[in-house]
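Step one of this worksheet: look at the structure below.
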Amino acid sequence: MIHKKHPAWPLFALVALLVAFVAWQARPPAPHDPAAPAAYDRADSDADSPIASEAVINDAKRTPDDGASDKPPVARDATPADVPDEANAAPVETETPTESQPIAEQTDPERFVLPEGVEVEPQATVVEVAEEVDLEQMASDLEATLGPVTIQRIGGTFARVTYAGDVAVEDAVNDIRNSGYADAAQPNYVYHVLGEGIVAASDELAEPGDLAEPGEHAEPNELAEPGDLAQDDVPDEEALLEVSEDAVLSDDIELVDPEQTVDIDLVEDDFEDVAVTDQELDDAIVVQDEDENSGEEPALEAQATVNDPYAKDQWALDSVKAYGAWNNAQGNHTVTVAALDLGFTVNHVDLKANLVDWYNAYNAVHGGSTSDVSPYNTSYDHGSHVAGIISAVADNSIGIAGITHNAYVMPVKVVGSNGTATTADLVKGYDYVMARRVARNVRVINLSLGADIRALTNTDMSLSKDDVLLKKVKQAYSAGIITVAAAGNKSASFDKTTPYTCYPSDDDGVVSVINLQQDGTGVSISPNSNYNVSYDKVKDISAPGSSMYSTVYSNDYTSMSGTSMAAPVVSSVLALEFVANPKLTPAEAIKILYATATNLGGSTWTRQYGWGAVDASAAVRAAKFGMTKVQQEKAKLASSSIPTGSSSSSGSSSSSSSSSSSSSSGSSSTAAKKTPSVKYRTHIQNVGWQAWKKNGKTSGTTGKSLRLEGIRINLANKPYAGSIQYRSHVQTYGWEKSWKSAGTMSGTSGKSKRLEAIKIRLTGNMAKHYDVYYRVHTQNLGWMGWAKNGASAGTAGYSYRLEAIQIRLVPKGGAAPGSTKNAFRSK
């Protein structure tokens, strides 16, 4: 702009003008943006919009909690369009004091803080991210704060983000949560196997070569055929992650709708009031009915026998009354238990006939062969030992007998050579099992591993835990699969003093198992076993786990101890229940498990024993014939410890359904729909990215003359398939050529370009059920009217900046949040 001389001007004003002109001429040149013409649609741009000359100032990196720099804002040269004429500008609407607090004071109330002492994988974060998100673009955007980033899908909507350098996990979690890409982000938690180690083998044990005739042994490096499914028949990795919604587990159990998040809530109860003595239970029973379906146990039959020579060394078979259970249920390849563990000797002579579909989920995440599940340490063959407890081949005149009497075991290696697994590894394992669950009738997943995720006190329940793994547990439960986990040991690798909280065993919907040892003619809790802390009732049942004799490397056998060995005992009993009654729901099977357990410690439930010692014979009888009156009374007490409303089975057999009245009968797909949220964050001149706002809250500023430069928008808690898309009109460039979605940035960052207008729309079924409304605060105009479903909001041809935005979802056809007049103005 050139001014005419005015003789009345003071000399100092002329000097000041000359200095300003020289400074303007010396400004840094704006960088050339070769991508701009391709990224924006010039046909829709403002023809009369002047191209402003702005100094380009690089944005300082922002803190992840509120997007504001710790340093004072960097001054920027303002364009004539960005600085309103104070004398002629229209009044600018300002926010109330509660809405106009300084940006530096805005913090994210949901900022993640890692609980002290919790073990996580460094430089790794697990995220839930929609399938339509461009992971390469996401990685590129995250590099600004995390440095070089690698993102790998680990199953379904979950991915693992790894980053180099000294980035703290807490900072990475918060940066990723605020990026707009991830629906959820959390640390990659670390889990340890929970065996206490190997007990010296007895001198009486035969040498491995004595167990079978020569020629019956598989060669050490030769993988035996896994039952009737060769390893080549295992679906490829992509197929494993796509579970058909039409697949069914049985005639009555359907796969949960993948769009649904199934809540498994335990009924709150004061567990101190549950300590009911056996005598009190007996007093509550008046008379037993005598008809055939009364729930009275049938007369005992002669117990089944096996010819395995070392079955006599398996004290657990007698302790849990496995021989009596086999009268009414034997696995015989009709049901499968998936063991997610350290490694497996798949060619063991006493295992190979019962192992199917093995898979290395750890290598699928970290690289390596997915078909090699061999143990890392042949002297500590944890996975093979667990598999043998469940299903060493019974009645084959070799070695020992598994408690399931020849159910299938699906060996899934999830643990690395250091003896630990992470959330990402377990997610990969769960997805594999879920993909095979129908073909193999998988009804139980065994996790002989754990980690301390929560503090030892109940004072801070806001501490984060592994929500991603919990979601997988719930999805499996909804598909008819129960997760059983070890309760933890005093001498476990992560060295905790009992009692302590342990995950995943303490999670809702997981059956947690305490370790029992032989005690004279009975059993007692192992001194090394974990048990319930004073405020919890989450470790559920006890089972033999000390000096357990089972299969290990090179056709050998040995003893191990720990809750790792107790968990597969309970997994086996649940599998036998499903053999006895295939139509049982998970809730019914768990209720029977607790109701038929033998009371220990003088009460029906105690901190040290949970609901008591598992009884396979009584559990199988109850599953097949129905519960006795005593068991029904205990089942009522145990109801508070059983997940509800998650299984989609329509019921069990007539004899057992009458004794399981509180079991779920509704399909998870008919659960109440979730209420979605729209969340958004804006990049602001001199400030950078603000924290996320949602559901109509203001993002941006008013009364500060600061422009919006970029925006990210995403949906959370979606009840239907679909996404949200958005497109901005940017100074100089015009309308962006393509619609952005799933948190991808629209606009610019570091280019000092203002947003002038925006369009937002929903897609898929979300668009059929909801309308999206949005309004903008515009320079010189203040708040404009509400636009809807892809219409323009803002201005065109005025060179006015957007300063703030509000976005809301409204049920289809519902009333607008406010006036829809004057939502967009153009010249």
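The values are calculated or read from the model by the stated rules, or taken from the named source; none is laboratory data. None of the values given here were measured: they were computed from a predicted structure. Reconstructed Cβ throughout: ideal geometry from the backbone, glycine too, with neighbour counts over all protein chains shown. Surface areas here come from the heavy atoms of the whole protein model, side chains and all, with no ligands, DNA or RNA. Shrake-Rupley method; radii C 1.70, N 1.55, O 1.52, S 1.80 Å.
Across segment 698-713, the residues whose backbone nitrogen lies under 19 Å from the label position 7 Å along the beta-carbon direction of residue 749 are 699-701, 707-713.
Taking 25 Å as the limit for the C-alpha separation, the pairs 704/788; 472/537; 591/718; 471/636 exceed it in the case of 704/788; 591/718; 471/636.
Considering all different alpha carbon pairs of segment 326-378, the Kirkwood hydrodynamic radius works out to 12.8 Å.
For segment 317-469, the share of accessible area belonging to carbon and sulfur comes to 46 percent (1.4 Å probe, ligands and nucleic acids excluded). With the highest mean first, a sort of the peptides 524-536, 604-616 on other beta-carbon atoms found within 10 angstrom per residue produces 604-616, 524-536.
Per residue, segment 555-599 exposes an accessible area of 12 Å² to a 1.4 Å probe, with every protein chain left in place.
For residue 377 and residue 816, compute 0.36 nm times the residue count separating them, minus their Cα-Cα distance, and round to one decimal in nm.
Values: separation 439, 0.36 × 439 = 158.04 nm, distance 6.46 nm.
Full-extension gain reported as 151.6 nm.
Nearest 0.05, what FRET efficiency do residue 521 and residue 547 give at R0 = 25 Å with Cβ-Cβ as r? According to the calculation, E is roughly 0.95.
Using packing as a proxy for protection, rank 369-380, 327-338 so that the peptide with the highest average count of other Cβ atoms within 10 Å comes first.
On the way: 369-380: 16.7, 327-338: 22.8.
Packing order, densest peptide first, comes out as 327-338, 369-380.
I'd like the distance between the alpha-carbon centres of segment 752-799 and segment 579-626, rounded to an integer number of Å. Using only Cα atoms to place each centre, the spacing works out to 58 Å. Solvent exposure of segment 670-774, expressed per residue, is 29 Å² of accessible area, with all protein chains present and a 1.4 angstrom probe. Straight-line cross-link partners of residue 312 among the lysines, defined as a Cα under 20 Å from its Cα and at least 8 positions apart when in the same chain: 321.
Computed over protein heavy atoms with a 1.4 Å probe, the accessible surface of segment 117-166 works out to 42 Å² per residue. Between amide H atoms placed 1.01 Å from N, distances below 5 Å from residue 770 occur with 812, all of them 5 or more places distant or on a separate chain. Spacing of the modelled spin labels on residue 554 and residue 395, each 7 Å from Cα toward Cβ, amounts to 3.3 nm. Computed from label points 7 Å out along Cα-Cβ, the spacing between residue 136 and residue 113 is 4.1 nm.
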